[in-house]
Amino acid sequence: MNSDIPKVLHEVCGQPILQYVLDVIHPLSAQAVYVVIGHKAQDVAKILDKENIVVRQKKLLGTADAIRSVQPYLKNYSGDILIVCGDTPFLRLPTLRNLVTTHKKSKAACTLLTATIAEPKGYGRVIRDARQKIIAIREEKDASEDERAIREINVGLYCLRGQDLFKTLTEIRMNRKKKEFYFTDIIECFVKKSLKIETIKILDPLEGLGINTREDLSVAQTILRQRIIKKNIERGVTIVDPLTTFIEVDAKIGKDTVIRPFSYIEKNVLIGRRCKIGPFARIRSGTRIKDEVEIGNFTEVSRTQIGKGSLMKHFSFLGDAIVGTKVNIGAGTVTANYDGKSKNKTIISDESFIGSDSVLIAPVKIGKRAVVGAGSVVTKGKVVPDGSVVMGVPARVISGGKNR
């Protein structure tokens, strides 16, 4: 990756690669989830939930050694073990369920996923005998020219009988070229012992792809963004142009909301029903938008709550604000939420009207049905009374209430 950041911590659509893997295995209700970490282990451990058992690989001696690190935790375990690579964010839950179910039914020692892809460079090839039985997995660096021509690859997803796994791990020898223990060598060890091995070829080869380069990361962004957009469309959201719309992984958007082109909706965003967002809108993390809100072109909303029926149609920024119902935010309005040391709140109460090019210097409160005249600057600490009209630089009450 040519990066100081561990590969599995690089974000795709607002979420680390590793989190996609953890999310897809969670519904399987495993007795325990062990996450083996090595490179920059402390950084990786920070994103893990307490329910995950962290196992440190003391020396980076390959995948077989990584799995061997878990063995002390499973001395008395006799069930099945699912092994998943931490850099495979495209895996889907039905694929995992099928793998586990097939493994149990077949009573195999090992069941693994394979895929056939047009460009297998970089992946371990699946080697089969004349009867099409798997006999080995050959990593590309060790493969012959004929073996490199094989397009069936190892996905890196296995379900194994625990007792067979750990008995056989000790038989894997260090690869001379890389000075590592390849877990893929366990297939040949099982074949020598005449243990049953099953393979499942996944229908969508994309599921099996891992992320190893910055180019892979870009491809992952495209694939997962398309999945997120498709899911929202299926839930009743209108996305005018999927190619120019970006929605991060856990943003939630209500039915009959319209997302117009060139809009970016970050993670941890809630948008209600029948809203209109964009074009060219950025909705940042922590924002909560109620039903029937309109947020128009060249706007940005950050860590803000917006009440039902409010309008913000042009060239405006709301940060750390609480906006009531049926509020109008005029073009060019800015909440100056940062004073150089901390972020401050702006409160804009129900049915108030903020004129174009207004600046609200937080902390500030605009009362119910109050009007801020165009081009006004409401200074820090100001409380605009309910029903009043304020204007000027600095803004002063000109009708409907006392200046405070």
Task: Prolate/oblate/rounded call for the stretch 335-376, Cα gyration tensor, a/c under 1.5 rounded - done: oblate
Task: Burial ranking of peptide ranges 225-236, 307-318, 161-172 (average Cβ count within 10 Å, highest at the top) - done: 307-318, 161-172, 225-236
TODO: Rank-order 51-60, 19-28 by packing density, defined as the average count of other C-beta atoms within 10 Å over each peptide's residues, highest first.
DONE: 19-28, 51-60
Task: Charge-dipole axis of the chain as Lys and Arg at +1 and Asp and Glu at -1 on Cβ define it, positive-most pick from 70, 317, 342 - done: 342
Open item on the list: What do you get for the angle between helix 214-234 and the principal long axis of the chain? Use alpha-carbon atoms, 0 to 90 degrees, nearest ten.
Closed with: 60 degrees
TODO: Could you give log10 I(q)/I(0) at q = 0.07 Å⁻¹ for the chain, computed by the Debye formula over C-alpha point scatterers of equal weight, without solvent?
DONE: -0.47
Open item on the list: Over 25 Å between Cα atoms: which of 290/345; 133/167; 121/230; 133/192; 7/230 fall into that group?
Closed with: 121/230; 7/230
TODO: Decide, for the stretch 214-399, between rounded, prolate and oblate: order the square roots of the alpha carbon gyration tensor eigenvalues as a ≥ b ≥ c, take rounded if a/c falls under 1.5, and otherwise choose prolate if a/b is larger than b/c, else oblate.
DONE: prolate
Task: Size of electric dipole in the chain: Cβ of Lys, Arg +1 and of Asp, Glu -1, about Cα centre, debye, nearest 20 - done: 880 debye
- [ ] Counting helices only, and only those DSSP H runs with n ≥ 4, report the 222 nm mean residue ellipticity of the chain as the sum of -39,500 (n - 2.57) divided by its residues, in deg cm²/dmol to the nearest 500.
- [x] -5000 deg cm²/dmol
- [ ] Would you please classify the overall shape of the stretch 7-208 from the alpha carbon gyration tensor, given that a ≥ b ≥ c denote the square roots of the eigenvalues, rounded means a/c under 1.5, and beyond that prolate means a/b larger than b/c while oblate covers the rest?
- [x] rounded
TODO: On a 0 to 90° scale, report how tilted helix 93-106 is relative to the longest principal axis of the chain, with both axes built from alpha carbons and the result rounded to the nearest 10.
DONE: 20 degrees
TODO: Enumerate the amide H contacts of residue 296 below 5 Å, restricted to partners 5 or more residues apart or on another chain; note that Pro and chain-start residues carry no placed amide H.
DONE: 278, 312, 313, 314
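Only the coordinates and a few stated rules stand behind these numbers; no lab work does. The structure presented is a predicted model; accordingly, all values stated were derived computationally and were not measured. Note: ideal-geometry Cβ built from the backbone for every residue, glycine included; neighbour counts use all protein chains shown.
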